[in-house]
Amino acid sequence: MCGIIAYLGEREAYPILVKGLERLEYRGYDSAGIAILKDNFIQLNKVVGKVNNLKSTTINGDIGISHTRWATHGIPNEANAHPHHNGDRSLFLVHNGIIENYVNLKKELIKRGYQFYSDTDTEVLTKLIDYHHKNSANQNTLKAIKNALHEVVGAYGLVLINKNEEKIYAARKGSPLVLGIGQREFFVASDPAAFLEHTRRALYLEDDDILEIDRKNFQVHNLHQDCDKLKRNVDHIKWNLSNIEKNGYEHFMLKEIHEQPDTLRNCLAGRIDMENHDSKFTDKLQPEFVKNLNKIIIASCGTSWHASLVIKHLIEKYSRIKVDVEYASEFRYKNPIINKNDLFVAISQSGETADTLAALKTAKENGLRCFGIVNVVGSSISREVDSGNYIRAGSEIGVASTKAFTGQVLCGILLMVHLGKIKGTITNQTAEKILNNLKNIPDLVKQTFEEEEKIKEIAKFVATKNNCFYLGRGLNIATALEGSLKLKEISYIHSEAFPAGELKHGPIALIEEGMPIIVIANKNEGIVYDKLLSNVQEVKSRKGKIIVIANDNDREIQDNVGEDSYVIRVPEVPDYLQAIINSVPLQLLSYYVAKERGCEIDQPRNLAKSVTVE
Ligand code: F6R
């Protein structure tokens, strides 16, 4: 939520910041702003809406801070846009996160004579720093930031400039910030994607770090210590600019859907150990711990939560270990029943989701061993867990998650094999079969693209509707939920997903003539498949329009669902691969429906990619 990039160097800052903000727009796009420091004067430009609106002007100077906003406190208008400033416009600040005690802080500041021009918590933070600045010996900016942050409850990634210093200050707690180190220039951003074209040398700030950058050097201080200069590793970012560009695709989402054969191949690389009939982990899941494992608790949100449901189903079925899937946003508030022999798994694309991070911290406080399935390398969750597997999907820019979902499921299957092998619930023979099948998954996903033209046609029909249902049984309930979320978030069509058997217990009342009912029906589901076809008949009797995802070798399906129904074909795969294969046509369907409706596919309304607020 919210993207930050700051620059200090020898070049004009404004165009660098605009370009950087564009790369961060996935984090929010309600409003944007830039403040540039030159000759002891800070000039500001703020706009409502997209970063593009900043391009109609420029400001000269080689030090600047900037921000693209996802609104939390206050509507998206110019006053609430960042950067925010103090009364005499000497301090300017951008902020990502939420200051939870801002109401009380604001009251105190008002008593001290401060006035406010916006509804934001960020303006309160700026004026709190101003208060400490004006009241600190020698008006020391670093000291003022520290004193202010001692009073703050909440999360922040913030960057500040002072008109009287050729410096940038940054501080982090709970919201990511990374320093980019170039040739006689520095960048501070929420994500290295914002400065990747300028440098690959990156230093990730940790919680309570305060960064001070001048023209020559930088120093990392600690919020709670004086006389501190911390050492932090400088990483070399390996991914390429092409990962964060559209490469000829109209939208990032379409590009990311089509990348899945490659991202899944990457995910598997070096992780299949045919010799030992196992998946390979660079983790610390000791066999003794796994043998005594009581249960697994997975916490996640949104699409990652749906991947968690798939993984639960598979681990329970094949590894025979009990798995609870928790909404991360609920976990820490529910006084969870935790046993020290439980394994906690956090699943997240961004690795920054505040709810998942908070659930992870709760698990750690309770002494649980924590495993991560995360996409973004170096993200907060990836650094907090004891061990884990990266999804290796590359940058996912489209707000609707696609390749991260299939990568998460694949990592879950690898985990399933590993746990099952240690537990003795998966034999060498079964493991070998699963691992061999995993190798085929990239090509099988590629095959699903053969239906893309047909899906475009079906999308034209769905795009005219206001309501939609997704049905599945067993493992496919999770896939139905994911398909439904994808449709609603980018096309704004109201959509719900159910276990098909639940339909008759209530939701069937909503079916109207011509309502699209998307059914996931894999032939090898056995008896459940037959039951599902009965559910289809119930829908047809109420004049719902069936769109079925069926296997390419299912000869009877068209007869079963009727000539007037749409059939989308996918290759037949064992159940543990079904979620991956079935979700790809559902992603395409959502994409083309949204396109048909003229929606902003990569940046749907009210959403942001990385949800770093609770
Ligand atoms: C939906 C979507 C969101 C995320 C959710 C969790 O397409 O992207 O539902 O899945 O916000 O985000 P991560 O996986 O980054 O923790």
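The values are calculated or read from the model by the stated rules, or taken from the named source; none is laboratory data. It should be emphasised that the depicted structure is a prediction, and the values quoted were computed from it without experimental measurement. Note: ideal-geometry Cβ built from the backbone for every residue, glycine included; neighbour counts use all protein chains shown. Only protein heavy atoms, including side chains, enter the accessible area calculation; ligands, DNA and RNA are left aside. Shrake-Rupley method; radii C 1.70, N 1.55, O 1.52, S 1.80 Å.
I'm trying to understand the selection: among the residues of region 118-144, which are touching a residue at least 24 places away in the same chain (Cβ under 8 Å), open to solvent by 80 Å² or more (accessible area, probe 1.4 Å) and over 30 Å from GLU352 (Cα atoms)?
Answer for region 118-144, where residues must be touching a residue at least 24 places away in the same chain (Cβ under 8 Å), open to solvent by 80 Å² or more (accessible area, probe 1.4 Å) and over 30 Å from GLU352 (Cα atoms): there is none.
Surrounded by fewer than 21 Cβ atoms within 10 Å (Cβ to Cβ), outside any loop (DSSP other than H, G, I, E, B) and within 16 Å of the ligand (Cβ to nearest atom): which single residue out of LYS488, LYS446, LYS460 fits that description?
Testing whether each residue is surrounded by fewer than 21 Cβ atoms within 10 Å (Cβ to Cβ), outside any loop (DSSP other than H, G, I, E, B) and within 16 Å of the ligand (Cβ to nearest atom) leaves just LYS488.
Among the residues of region 81-97, is any under 20 Å from VAL18 (Cβ atoms) and among the aromatic types (Phe, Trp, Tyr)?
Yes: one or more hits.
Can you run down the residue pairs with Cβ atoms below 8 Å, 6 or more apart or on separate chains, where the first is in region 382-402 and over 23 Å from GLU206 (Cα atoms) and the partner is more than 13 Å from the ligand (Cβ to nearest atom) and in a loop (DSSP other than H, G, I, E, B)?
Hits for this filter: ALA393/GLU259; GLY398/HIS251.
Just to verify a result, which residue in region 374-410, among those that are among the hydroxyl-bearing types (Ser, Thr, Tyr) and either at pLDDT 90 or above or near the ligand (Cβ under 9 Å from one of its atoms) (or both), is farthest from LEU586 (Cα to Cα)?
That would be SER387.
One residue is enough: does region 411-431 have a residue meeting the conditions more than 16 Å from the ligand (Cβ to nearest atom), among the hydrophobic types (A, V, I, L, M, F, W, C) and not in a helix (DSSP H, G or I)?
Taking every residue of region 411-431 in turn, at least one turns out to be more than 16 Å from the ligand (Cβ to nearest atom), among the hydrophobic types (A, V, I, L, M, F, W, C) and not in a helix (DSSP H, G or I).
Quick one: LEU254 ticks every box in (1) modelled with pLDDT of 90 or more; (2) surrounded by 14 or more Cβ atoms within 10 Å (Cβ to Cβ); (3) within 28 Å of GLY180 (Cα to Cα) except a single one, so which number is it?
(3)
Of the residues that make up region 2-11, is at least one among the hydrophobic types (A, V, I, L, M, F, W, C), at positive phi, in contact (Cβ under 8 Å) with a residue 60 or more places away in the chain and crowded, with 16+ Cβ neighbours inside 10 Å?
For region 2-11, residues among the hydrophobic types (A, V, I, L, M, F, W, C), at positive phi, in contact (Cβ under 8 Å) with a residue 60 or more places away in the chain and crowded, with 16+ Cβ neighbours inside 10 Å: present.
Could you grab me the full set of residues in region 491-503 that are surrounded by 15 or more Cβ atoms within 10 Å (Cβ to Cβ) and not in a helix (DSSP H, G or I)?
TYR492, ILE493, SER495, GLU496, ALA497, PHE498, PRO499
Run down ASP235, ASP226, ASP208, ASP214 and say which single residue is within 18 Å of SER66 (Cα to Cα) and either under 24 Å from the mean Cα position of the chain (by Cα) or loosely packed, with under 15 Cβ neighbours inside 10 Å (or both).
Being within 18 Å of SER66 (Cα to Cα) and either under 24 Å from the mean Cα position of the chain (by Cα) or loosely packed, with under 15 Cβ neighbours inside 10 Å (or both) holds for just one of ASP235, ASP226, ASP208, ASP214, which is ASP214.
Is there any pair linking a residue in region 419-434 that is within 14 Å of GLU275 (Cα to Cα) to one that is among the polar types (S, T, N, Q) and open to solvent by less than 60 Å² (accessible area, probe 1.4 Å), with Cβ under 9 Å and at least six apart or on different chains, and which?
LYS421/SER279; LYS421/SER319; ALA431/SER279; ILE434/SER279
Test LYS361 against the stated conditions and say whether it is open to solvent by 30 Å² or more (accessible area, probe 1.4 Å), more than 9 Å from the ligand (Cβ to nearest atom) and not in a loop (DSSP other than H, G, I, E, B).
yes
Count, please, the residues in region 175-220 that happen to be touching a Cys at 6+ places or on another chain (Cβ under 9 Å) and part of a strand (DSSP E or B).
0
Could you list all residues from region 175-198 that are farther than 21 Å from LEU37 by Cβ and open to solvent by less than 20 Å² (accessible area, probe 1.4 Å)?
Those that are farther than 21 Å from LEU37 by Cβ and open to solvent by less than 20 Å² (accessible area, probe 1.4 Å): SER175, PRO176, VAL178, PRO192, ALA193, LEU196.
Looking at region 68-96, which of its residues are under 20 Å from LEU142 (Cα atoms) and under 23 Å from the mean Cα position of the chain (by Cα)?
VAL94, HIS95, ASN96
Being within 16 Å of the ligand (Cβ to nearest atom) and in contact with a helix residue (DSSP H, G or I) (Cβ under 6 Å, 6 or more places away or on another chain) is the filter; apply it to region 463-485 and report the residue that is most open to solvent (accessible area, probe 1.4 Å).
If we take residues in region 463-485 being within 16 Å of the ligand (Cβ to nearest atom) and in contact with a helix residue (DSSP H, G or I) (Cβ under 6 Å, 6 or more places away or on another chain), then LEU481 is most open to solvent (accessible area, probe 1.4 Å).
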